[in-house]
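**Q** One structure, as structure tokens, below. Some questions next.
The values are calculated or read from the model by the stated rules, or taken from the named source; none is laboratory data. Quick caveat: nothing in here was measured; it's all calculated off a predicted structure. So basically every Cβ, Gly included, is an ideal-geometry build from the backbone, and we count neighbours across all protein chains shown. Keep in mind that these areas ignore ligands, DNA and RNA; they rest on the heavy atoms of the full protein, side chains included. Shrake-Rupley method; radii C 1.70, N 1.55, O 1.52, S 1.80 Å.
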Amino acid sequence: MGVKAVIFKEEMSRYIFNMTAGTFVRLLLLGAMLGLFAWSLAIAMDRYMITPFFCGNDASVSVCLNSTVIGGNIATVLMGVMAVPLLAALRTKRALLVALAAVVSLWGIAGWIAGPWYVSLLWTMAVYAAVYAALGWINRLRGNGAAIVFLVLFVLLARLVLAFS
């Protein structure tokens, strides 16, 4: 039996919803596209909204120093809102819960993904794809309580990783 047949079982289960390999790949691509748009929106907000308005003559130093992170956080929230109907179109169960968990998990990601623009873009796309794919995979659980518990555990682990990196 191949790895794909073991991971993406087509038989019914009492405990999880089935997810085909194609759906999982579409979930990965959705996460990568959301990462691309989030990165682009964060850069645009930083350069054209936050820096011009808040970093003028009487600049607030904390806003100017954190303008990239603030723009990234706003972009993360907007991508989370945009992700809900897209996740629902992929027939992801509890799409709002997945998007909310992704936003909390990815909060502040712009602060630690820095470097040249192409490296930052690739890392952002990879992290968004990994988070949305992992949350979609965890969310396959049939029980609402178990799904919520495991999504919260994922979010807590993601926040711990971000706190100690």
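**Q** Which of the helices in the chain, when you take each full DSSP H run, stretch at least 20 Å along the axis at their Cα atoms and have an average Kyte-Doolittle score of 0.0 or higher?
**A** Going by DSSP H runs, the hits are 21-45, 67-89, 117-138, 144-163.
**Q** Nearest 500 deg cm²/dmol is fine: what mean residue ellipticity at 222 nm does the chain get from its DSSP H runs of n ≥ 4 alone, each adding -39,500 (n - 2.57), divided by its residue count? All intermediate terms of the calculation are to be shown ahead of the outcome.
**A** On the way: 9 runs with 120 residues, N = 165.
Taking each H run of at least 4 residues, the total per residue is -23000 deg cm²/dmol.
**Q** Something else: Want the number for Ala130 to Phe53: 0.36 nm per residue separation, take away the alpha-carbon distance, what's left? Mind dumping the intermediate values first?
**A** On the way: separation 77, 0.36 × 77 = 27.72 nm, distance 3.40 nm.
Value of the extension gain: 24.3 nm.
**Q** Picking from Leu157, Ala114, Val63, whose Cα lies most toward the positive end of the charge dipole for the chain (charges on Cβ: Lys, Arg +1; Asp, Glu -1)?
**A** Leu157
**Q** Run through the stretch 66-119 and list the trypsin sites (Lys or Arg not before Pro) located in a DSSP loop whose Cβ has at most 15 other Cβ atoms within 10 Å.
**A** Working: sites: Arg91, Lys93, Arg94; in loops: Arg91, Lys93, Arg94.
Sites meeting the loop and neighbour criteria: Arg91.
**Q** Just to confirm my numbers, what's the Cα centroid distance between the stretch 90-127 and the stretch 22-52 in Å?
**A** Result: 8 Å between the Cα centres.
**Q** Could you work out how far apart the two model spin labels at Ile148 and Asn18 are, taking each label as a point 7 Å from the Cα in the direction of the beta carbon, and quote it in nm?
**A** In this crude label model, Ile148 to Asn18 measures out at 2.9 nm.
**Q** Distance in nm between label sites at Trp112 and Ala163, each 7 Å beyond Cα in the beta-carbon direction?
**A** Placing both labels 7 Å along Cα→Cβ, they lie 1.2 nm apart.
**Q** If you don't mind, there's one more thing I want to ask. Hey, of [x] 17.7, 67; [y] 16.2, 51; [z] 15.4, 48, which did the structure itself give for Rg and Dmax of the Cα atoms in Å when calculated?
**A** Among [x] 17.7, 67; [y] 16.2, 51; [z] 15.4, 48, the one derived from this structure is [x].
**Q** Next up: Go through Thr76, Thr92, Thr51 and list them by solvent-accessible area, largest first, probe radius 1.4 Å.
**A** Values: Thr76 5, Thr92 25, Thr51 55 Å².
The most accessible residue leads, giving Thr51, Thr92, Thr76.
**Q** Given a cut-off of under 8 Å on Cα pairs at least six residues apart, what relative contact order in percent is computed for the chain? Mind showing how you got there, number by number?
**A** Numbers: 181 pairs, mean separation 49.9, N = 165.
Across the chain, relative contact order equals 30 percent.
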